[in-house]
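To keep things clear, I will list the structure first and then write my remarks on it.
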Amino acid sequence: MRRRELLLLVGGAVTAPHALRAQQKAMPVIGVLSSTTPGSSAANMAAFLQGLAETGYVEGQNAAIEYRWAEGRYDRLPALAAELVKRRVDVIVTQGGIPPTRAAKSATSTIPIVFAVGTDPVGDGLVASLARPGGNLTGVTFMMTKLNPKRLELLSELVLQADMIALLVNPSNESAEPQMRDVQEAARAKGVQLRILKASTEGEIDAAFATFVQLHASALLVGADPFFFSRRENLVALAARFAVPAIYENREYVAAGGLISYGTSLAAVNRQVGGYAGKILKGEKPADLPVQQPTTFELVVNLKTAKELGLAVPLSILARADEVIE
């Protein structure tokens, strides 16, 4: 073998690993930061992947995804966000409301962040405005917390002569305070007594239902919260055990056996988030992508659960329902 050929062969052997790493780096990496669990978020993530695929990116083919799950422990989110920043992901997608979004925002001012929150992102200081977010964040707001007064109204319509209604909130979530304030104002306007129940662990959820029974409250409004969503089957089971008429933030609760829900389609929201993540991977800037807002809301009723609770669902609610589960 000639000396020139030998040098070319050795040089190729040395540069091959570098070329391979360059190819691997060429595949963009999405970091998913969630406050919930993989199991409870399976449907939401499927919708996200669908929206991502519509922009031309498929997990495992031309995009990689790093998942970080807080599993309801919001105190873990800052460290998980820091891991994704250290990993140098190309975009961070937050799932599960304000807590992961706040953690991601604190961890980086350069990596694009796409959020899905149920609160006001302008009021929460996430973006400058809905039309022109500015900075490195954009996403979807689905107004879950702002819909609580409407849920209170529906609950009062469904449970006749309800003179005392309880609101369940998670004190670990910063959205708890505005939710309590909004519902208190709505209850005062309707002349209904409101009792606040708080829970941030499974044990505290059990205790909250025991307190509900002791209060002899008429109905329960379950506040919008990712931890509650991840424990929706437990919440629905407790409502059935203690014969509690309860309203929830979205149809997933009702599909699990809950009585009634009013809110945005989470599948539609997460599909939009996937679409935005794909656009950013293609080079668009979060500062130029308006924060999207829902235009339709779903009213879902479970007639089987209503019958078990001895409730007759008014025709006024059935006529407005988008879905009736029998």
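The values are calculated or read from the model by the stated rules, or taken from the named source; none is laboratory data. The structure displayed is predicted, hence computed values, not measured ones. Glycine also receives a Cβ, built like all others from the backbone with ideal geometry; neighbour counts cover every protein chain displayed. SASA here: full protein model, heavy atoms, side chains in, ligands and nucleic acids out. Shrake-Rupley method; radii C 1.70, N 1.55, O 1.52, S 1.80 Å.
Principal axis analysis of the Cα atoms in segment 49-196 yields extents of 57, 31, 31 Å, listed in decreasing size. To the nearest 10 degrees, how steep is helix 3-26 against the longest Cα principal axis of the chain, on a 0 to 90 scale? Computed tilt is about 10 degrees.
On C-alpha positions alone, give me the angle between the axis of helix 232-241 and the longest principal axis of the chain, in degrees, nearest 10. Roughly 20 degrees between the two axes. Adding -39500 (n - 2.57) for every DSSP H run of four residues or longer, then dividing by how many residues the chain holds, sets the calculated 222 nm ellipticity at -13500 deg cm²/dmol. Each 10 Å bin from zero holds the following percent of Cα-Cα pairs in the chain: 6, 25, 30, 19, 11, 4, 2, 2, 1, 0.
Averaged over its residues, the chain has an accessible area of 46 Å² per residue, based on protein heavy atoms and a 1.4 Å probe. Of the solvent-accessible surface of segment 243-322, computed with a 1.4 Å probe over protein heavy atoms with every protein chain present, carbon and sulfur atoms account for 51 percent. Between Thr138, Val89, Ser106, the Cα set farthest toward the positive side of the dipole of segment 85-141 (charges on each charged residue's Cβ, about the Cα centre) is that of Val89.
The charge dipole of the chain, taken about its Cα centre with unit charges on the Cβ of Lys, Arg, Asp and Glu (plus for the first two, minus for the last two), comes to roughly 1240 debye. Scanning residues 5 or more positions from Gly139 or on other chains, those with amide H under 5 Å from its amide H are Phe115, Val291, Gln292, with H placed 1.01 Å from N in the peptide plane. Mean projected area of the Cα convex hull of segment 176-326, taken over all directions, amounts to 11.0 nm². Farthest toward the positive end of the dipole of segment 251-313, out of Thr264, Leu311, Tyr276, is the Cα of Tyr276, where the dipole comes from beta carbon charges about the Cα centre. Straight-line cross-link reach from Lys105 at under 22 Å between alpha-carbon atoms covers these lysines, not counting any fewer than eight positions away in the same chain: Lys86, Lys279, Lys282, Lys285.
Dipole magnitude for segment 237-326: about 140 debye, using +1 per Lys or Arg Cβ and -1 per Asp or Glu Cβ, origin at the Cα centre.
What is the log10 of I(q)/I(0) for segment 198-269, computed with the Debye formula using one identical point scatterer on each Cα and no solvent, at q = 0.14, 0.16, 0.17, 0.27 Å⁻¹? For segment 198-269, the Cα-only Debye profile gives -0.39, -0.51, -0.57, -1.40.
Cα convex hull, segment 121-214: 121 Å³ per residue, rounded to a whole number. When only Cα pairs below 8 angstrom with a gap of at least 6 residues are kept, the chain shows a relative contact order of 20 percent. Evaluating 6.51 cos²θ - 1.76 cosθ + 1.60 at θ = phi - 60° for every residue in segment 259-266, the Karplus couplings come out as 6, 7, 9, 8, x, 7, 6, 5 Hz, glycine and proline recorded as x. For Ala63, the residues whose amide H sits under 5 Å from its own are Val58, ignoring neighbours fewer than 5 places away on the same chain, with H placed 1.01 Å from N. In loop segments of segment 43-139 as defined by DSSP, the trypsin sites (Lys or Arg not before Pro) with at most 16 further C-beta atoms inside 10 Å of their C-beta are Arg73, Arg87, Arg88. Rounding to the nearest 10 and keeping the result within 0 to 90°, find how far the Cα-based axis of helix 202-215 lies from the longest principal axis of the chain. Roughly 20 degrees, rounded to the nearest 10. Note on the chain: dipole from Cβ charges, positive end direction compared against Thr211, Leu289, Pro178; the farthest Cα belongs to Leu289. Scanning residues 5 or more positions from Ile325 or on other chains, those with amide H under 5 Å from its amide H are Val301, Asn302, Leu303, with H placed 1.01 Å from N in the peptide plane.
Where does the charge balance sit around Arg320 when Lys and Arg score +1, Asp and Glu -1, over other residues with C-beta under 13 Å from its C-beta? Its environment carries a net charge of -4.
For the chain, modelled as a GNM with alpha-carbon contacts under 10 angstrom, which of Thr138, Thr108, Thr264 fluctuates the most? Between Thr138, Thr108, Thr264, it is Thr108 that shows the largest mean-square fluctuation. Computed on segment 231-301, the Cα convex hull volume stands at 92 Å³ per residue.
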